[in-house]
Amino acid sequence: TGDQKEVFDHTRALMNWRKSKEVIHTGETLHFIDRDNTYAFFRYNDTDVVFVYVNNSDETKVVPWSRYKEITATLGEGRDVITGEMVTMSGAKVAPMSALVVEFQR
């Protein structure tokens, strides 16, 4: 069905991206436990930073970038690894029961 294909395409894109990202395999991890059924973490090394924001709530959430300033202070725009769209550190929204994965270069 259309929904199954969408899930398959999403998963395939994420897994193929992940294969070639050294930061995912050998980088450091920094966790942020948020309120309101959300969770965020970063994987990082000297050259790359990957941000994952999971929204497990029933409503759209705006990413609270200021909460992560200890790691995001020196970062510019990132790229959504699924859509390829640029992500800025203002107003990024994450739909209910979904996640945002953003890669940054240092």
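The values are calculated or read from the model by the stated rules, or taken from the named source; none is laboratory data. Note that this is a predicted model, so its numbers are computed, not measured. Heads up, the Cβs are rebuilt from the backbone with ideal geometry, glycines too, and the neighbour counts pull from every protein chain shown. When the accessible area is computed, the model is the full protein with side chains, heavy atoms only, and any ligands, DNA or RNA have been set aside. Shrake-Rupley method; radii C 1.70, N 1.55, O 1.52, S 1.80 Å.
One table, with the values for the structure above:
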read-out: The one condition in (1) over 23 Å from Asn37 (Cα atoms); (2) among the β-branched types (Val, Ile, Thr); (3) open to solvent by less than 60 Å² (accessible area, probe 1.4 Å) that Thr74 fails to fulfil; value: (3)
read-out: Members of region 33-59 that are open to solvent by 40 Å² or more (accessible area, probe 1.4 Å), in contact with a strand residue (DSSP E or B) (Cβ under 9 Å, 6 or more places away or on another chain), outside any strand (DSSP E or B) and in contact (Cβ under 8 Å) with a residue 24 or more places away in the chain; value: Asp36, Thr47, Asn56
read-out: Selection within region 62-77 - under 19 Å from Leu30 (Cβ atoms) and touching a Ser or Thr at 6+ places or on another chain (Cβ under 8 Å); value: Trp65
